[in-house]
Structures are given as structure tokens and as C-alpha cells.
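I have placed the structure first, in the form of C-alpha cells, so that the comments after it can refer back to it.
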Amino acid sequence: MIVALEGGEQEGATRGWRRVVPAGARRRFRPVHSAYVEWRRRRPLDLGDLRRVSPIDANWGFERGTPIDRVYVERFVGAHAADIRGRVLEIAAPDYTTRFGRDVTAVDILMAEEGNPQATIVGDLAHAPQIPDDAFDCAIVTQTLQFVYDVGAALATLNRILAPGGVLLATAPGVTKISAIEDASYGEWWHYTARSLRRLAGEAFGNTNVEVVSFGNVLAAAGFLYGLAASDLESEELESHDPLFEVVVCLRAVKRKQPD
């Protein structure tokens with residue numbers, strides 16, 4: 001006999017039988033849903049300004065303020081300011097080195113092609129024999145690895161050019177839209193999960209030398225896709241973390257020190 005349960009009691013029972021009933025049998029045994037539960041499933045949602053098929057701001061939220069992903073990137077890099085020291089390599093511009101660096105002695109800027117007047121090195125991270133071994137104490141590579149097809153080779157390069165004990169601070173997109181300009185120029189090949197970035201970095205640096213964290217939740221992910229700015233969300237909404245909705249994945253990897 002199947003007994004109909006009300007409200008939360010019904011939902012709790014449903015979760016319970018899902019844990020113990022084999023997946024194949026679930027199609028044959030369905031709990032009886034009360035009218036209340038059925039109404040909850042079918043009630044209309046007021047999506048307001050989000051009922052649209054184009055973003056509110058197609059420029060990542062820049063037109064409204066600071067993009068959501070930038071808050072996460074800056075939070076991660078700022079938390080590891082002590083690693084930004086000595087000779088530093090950064091992509092495109094020395095923004096994070098300038099903001100967070102401590103005891104920095106020199107900064108090099110890497111670009112994949114000519115045209116950036118701030119660039120001191122032009123080359124492909126996946127193949128950069130012109131960059132000497134053991135050259136940098138820190139490398140800051142934010143929101144870049146999605147544009148490198150051979151990301152394993154890029155991480156191997158970063159390990160090679162870091163001095164023993166040097167630190168890579170890298171961030172990569174999880175839930176995001178494609179960046180049209182960079183996709184046309186370089187290709188946007190990959191979006192990451194904490195699992196994938198940890199494994200890739202572990203192959204280059206060794207698993208014990210790698211730490212990975214992620215930021216985001218369903219609201220932050222949806223807001224980022226719609227082009228909302230960080231200021232459109234409450235601080236606690238930005239800070240809430242749900243590992244099933246990774247907006248930004250962040251990596252800290254340390255090059256092994258040479259044995260004495």
C-alpha cells in the first residue's frame with residue numbers, strides 16, 4: 001500500500017526512497033504526491049528582468065560596475081599577496097603585481113603576440129623556449145588558460161620558468177560565456193572545474209605542491225552569465241560557496257625546491 005504524505009514529510013520520504021531504491025526501479029515505483037507538492041512544482045515563477053535571451057550587459061558586467069568573476073579573482077590573488085615577490089611574471093599588464101606585490105624586484109609582462117607596449121616577452125605559454133629556466137619567483141596567470149589549447153604544456157612551461165620554491169597563482173573560468181574577441185584570436189578551448197585544474201597542475205608540479213579552490217554559487221553563476229555586476233548582489237550572496245556552480249577556479253602551485 002502507498003501512503004500519501006504531506007509537505008516536507010512527503011519530500012523527506014521521497015529523498016529516502018531515492019537513496020535505497022535502485023535507479024531502474026524508480027520508474028516503476030513513484031510516491032503519491034499531495035496537491036501541495038504538485039502545486040509547488042508547477043507554480044509560475046516571476047523571472048522579471050531575467051526573462052530574456054540576451055544578457056543585461058554583454059560586456060561581462062563592466063558597464064554596471066565590477067564583474068562578478070573579478071571579485072573572486074582579486075580575492076584569491078590578494079589572499080596570496082605574500083607570494084608576489086622577487087621577479088614576477090604577469091599576463092598582459094602588471095595590475096595584480098602593482099596592487100598586491102611585496103618586495104617585488106622586477107616585473108615581466110607576457111603576451112602571445114606583438115602589439116602590447118607593456119609586454120617584455122612575446123610568446124606562447126605552451127612553447128616558450130626563449131624564457132630561461134628558473135627565472136621567476138612568482139607567475140600570475142589570471143583568466144588565461146582557457147585560451148591555451150595545450151594547457152598541459154603551458155603548465156609545464158610555468159613550472160620550468162619558476163625558480164625552485166617559486167609560486168604560480170592562476171585562475172580559470174568555470175561557468176562563463178565565451179569571450180568573442182579572444183576566441184577569434186586564440187580560440188577559447190576550455191572551461192575548468194576544480195577537479196580538472198587540480199589534475200592538470202598536479203601533472204606538472206606534483207600533486208602535493210598544488211592547492212585548488214573555487215568560488216561561486218547558482219545565483220553568482222546566473223548573474224555572471226546575465227552580465228550583472230558584483231554590486232547587483234549582496235555580499236553574502238557573492239560569498240556563498242556551492243561547489244556545483246564554480247564561476248572561477250583558482251590554483252596555487254609551488255615548484256619543488258632542489259634537494260640540498
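The values are calculated or read from the model by the stated rules, or taken from the named source; none is laboratory data. Being a predicted model, the structure only gives us computed values, none of them experimental. Cβ sites come from the backbone with ideal geometry, for glycine too, and all protein chains shown count toward neighbours. The accessibility values were calculated without ligands, DNA or RNA, using every heavy atom of the protein model including side chains. Shrake-Rupley method; radii C 1.70, N 1.55, O 1.52, S 1.80 Å.
For GLU113, the stated conditions hold: it is modelled with pLDDT under 95, more than 19 Å from ASN159 (Cβ to Cβ) and in a loop (DSSP other than H, G, I, E, B). Among the numbered conditions (1) open to solvent by 30 Å² or more (accessible area, probe 1.4 Å); (2) in contact with a strand residue (DSSP E or B) (Cβ under 9 Å, 6 or more places away or on another chain), the only one that LEU145 does not meet is (1). Can you name every residue in the stretch 44-65 that is surrounded by fewer than 10 Cβ atoms within 10 Å (Cβ to Cβ) and either at pLDDT 95 or above or in a loop (DSSP other than H, G, I, E, B) (or both)? Across the stretch 44-65, the qualifying residues are PRO44, LEU45, ASP46, LEU47, ARG51, VAL53, SER54. For the stretch 164-181, the set of residues classified as under 25 Å from ARG75 (Cα atoms) and in a strand (DSSP E or B) consists of GLY165, GLY166, VAL167, LEU168, LEU169, ALA170, THR171, ALA172, PRO173, listed by residue number. Of the residues that sit in the stretch 148-163 and are assigned to a helix (DSSP H, G or I) and of a type in the set (A, V, I, L, M), which one is most open to solvent (accessible area, probe 1.4 Å)? Per the criteria, the residue is ALA156.
Out of everything in the stretch 226-238 that is touching a residue at least 12 places away in the same chain (Cβ under 8 Å) and of a type in the set (Gly, Ala, Ser), what residue ends up being surrounded by the fewest Cβ atoms within 10 Å (Cβ to Cβ)?
Checking each candidate, the answer is SER231.
When restricted to residues that are farther than 20 Å from GLY166 by Cα and either small (Gly, Ala, Ser) or open to solvent by less than 30 Å² (accessible area, probe 1.4 Å) (or both), the stretch 105-139 contains 4.
Going by what's in this entry, would LYS255 be described as touching a Gly at 6+ places or on another chain (Cβ under 9 Å), over 21 Å from ARG70 (Cα atoms), surrounded by 14 or more Cβ atoms within 10 Å (Cβ to Cβ) and not hydrophobic (A, V, I, L, M, F, W, C)? When the stated conditions are applied, LYS255 passes them. One residue is enough: does the stretch 135-142 have a residue meeting the conditions outside any strand (DSSP E or B) and of a type outside the set (Gly, Ala, Ser)? Checked against the condition, which is being outside any strand (DSSP E or B) and of a type outside the set (Gly, Ala, Ser), the stretch 135-142 yields no hits at all. Looking across the stretch 66-92, the residues that are closer than 23 Å to TYR192 by Cα, hydrophobic (A, V, I, L, M, F, W, C) and not in a strand (DSSP E or B) come down to ILE68, VAL71, VAL73, PHE76, VAL77, ALA79, ALA92. Restricting to the stretch 93-104, and then to whatever is surrounded by fewer than 15 Cβ atoms within 10 Å (Cβ to Cβ) and in a loop (DSSP other than H, G, I, E, B), can you tell me which residue is modelled with the lowest pLDDT? So, considering only residues that are surrounded by fewer than 15 Cβ atoms within 10 Å (Cβ to Cβ) and in a loop (DSSP other than H, G, I, E, B), the one modelled with the lowest pLDDT is ARG102. Screening HIS241 against (1) open to solvent by 80 Å² or more (accessible area, probe 1.4 Å); (2) closer than 22 Å to PRO55 by Cα; (3) touching a residue at least 12 places away in the same chain (Cβ under 8 Å) leaves a single unmet condition, (2).
Inside the stretch 182-215, residues that are under 22 Å from GLU74 (Cβ atoms), in contact with a strand residue (DSSP E or B) (Cβ under 6 Å, 6 or more places away or on another chain) and of a type outside the set (Lys, Arg) make up a count of 11. Which residue is farthest from LEU125 (Cα to Cα), if the candidates are limited to the stretch 174-190 and must be in contact with a Ser or Thr (Cβ under 9 Å, 6 or more places away or on another chain) and open to solvent by less than 80 Å² (accessible area, probe 1.4 Å)? Result: GLY174. For the criterion of being farther than 21 Å from TYR72 by Cα and in contact (Cβ under 8 Å) with a residue 40 or more places away in the chain, GLY152 passes.
Please tell me if ARG199 is surrounded by fewer than 16 Cβ atoms within 10 Å (Cβ to Cβ) and basic (Lys, Arg). Considered against the rule, which asks whether it is surrounded by fewer than 16 Cβ atoms within 10 Å (Cβ to Cβ) and basic (Lys, Arg), ARG199 comes out as yes.
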